[in-house]
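Enquirer: The structure that follows is given in the form of structure tokens.
Laboratory data are not the source of any read-out in this text; all were calculated from the coordinates shown. Bear in mind that the values here come from a model prediction, so they are computed numbers and not experimental data. Here the Cβ positions follow ideal geometry from the backbone for every residue, glycine too, while neighbour counts run over all protein chains shown.
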Amino acid sequence: MFEMLLGHLVGDYLVQNEWMAQNKSKNTWIGWLAATIHCIIYTLAVCTIMWEWKLIWIVAVFFSHFFIDKFAFGYWYLKHIKRLDTYSYNMVCIKY
């Protein structure tokens, strides 16, 4: 479990650059490219740290993270389920 958390932190915070973070949820070809590149790097980080290279694991990590990041599921969840306003959401997110 620790390895999965460490892989997540490396993939989402250490190796994600500003361009990926700002563009990955945009509905343009640049947004799709940024989300794809970020999720490939994220998947590599998680799989490397967990030392898990089964195809099913790679696909699960990639597509679950792609769905969350590309379609801003975290934002939607905080806004609609947790009922946080946009200002509160921005206060809990890391700004680049």
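Enquirer: Among PHE62, PHE71, rank each residue by its count of other Cβ atoms within 10 Å, from fewest to most, as a rough exposure measure.
Expert: Ranked by crowding around the Cβ, least crowded first: PHE71, PHE62.
Enquirer: Helix 55-70 sits at what angle to the longest principal axis of the chain, using alpha carbons and giving 0 to 90 degrees rounded to 10?
Expert: Rounded to the nearest ten degrees, it is 10.
Enquirer: What length, rounded to one decimal in nm, is gained on full extension from ILE30 through to LYS79, with 0.36 nm per residue of separation minus their alpha-carbon distance?
Expert: 15.1 nm
Enquirer: When a footprinting reagent is the concern and you count Cβ atoms within 10 Å, what order do ILE81, ILE41, ILE30 take, fewest first?
Expert: In order of increasing Cβ crowding within 10 Å: ILE81, ILE30, ILE41.
Enquirer: According to a simple spin-label model (label point 7 Å from Cα along Cα-to-Cβ), what is the distance in nm between VAL15 and PHE71?
Expert: With each label point 7 Å from Cα toward Cβ, the separation is 2.5 nm.
Enquirer: Moving to a separate point now. For the stretch 20-72, run through the trypsin sites (Lys or Arg not before Pro) and keep only the ones in DSSP coil with at most 15 other Cβ atoms within 10 Å of their Cβ.
Expert: The qualifying sites are LYS26, LYS54.
Enquirer: Let me ask something else about it. Here are a few candidate values for log10 I(q)/I(0) by the Debye sum over Cα atoms at q = 0.11, 0.17, 0.19 Å⁻¹: [x] -0.34, -0.79, -0.95; [y] -0.50, -1.02, -1.15; [z] -0.69, -0.96, -1.06. Which one was actually calculated from the structure I just gave you?
Expert: [x]
Enquirer: Placing +1 at every Lys and Arg Cβ and -1 at every Asp and Glu Cβ, with all other atoms neutral, what dipole size does the chain have around its Cα centre, in debye to the nearest 20?
Expert: The calculated dipole for the chain is roughly 320 debye.
Enquirer: Under the definition of Cα pairs under 8 Å and six or more residues apart, what whole-number percent is the relative contact order of the chain?
Expert: So the answer I get is 28 percent.
Enquirer: While we're looking at this one, here's another question. Counting helices only, and only those DSSP H runs with n ≥ 4, report the 222 nm mean residue ellipticity of the chain as the sum of -39,500 (n - 2.57) divided by its residues, in deg cm²/dmol to the nearest 500.
Expert: Dividing the helical sum by the residues of the chain leaves -19500 deg cm²/dmol.
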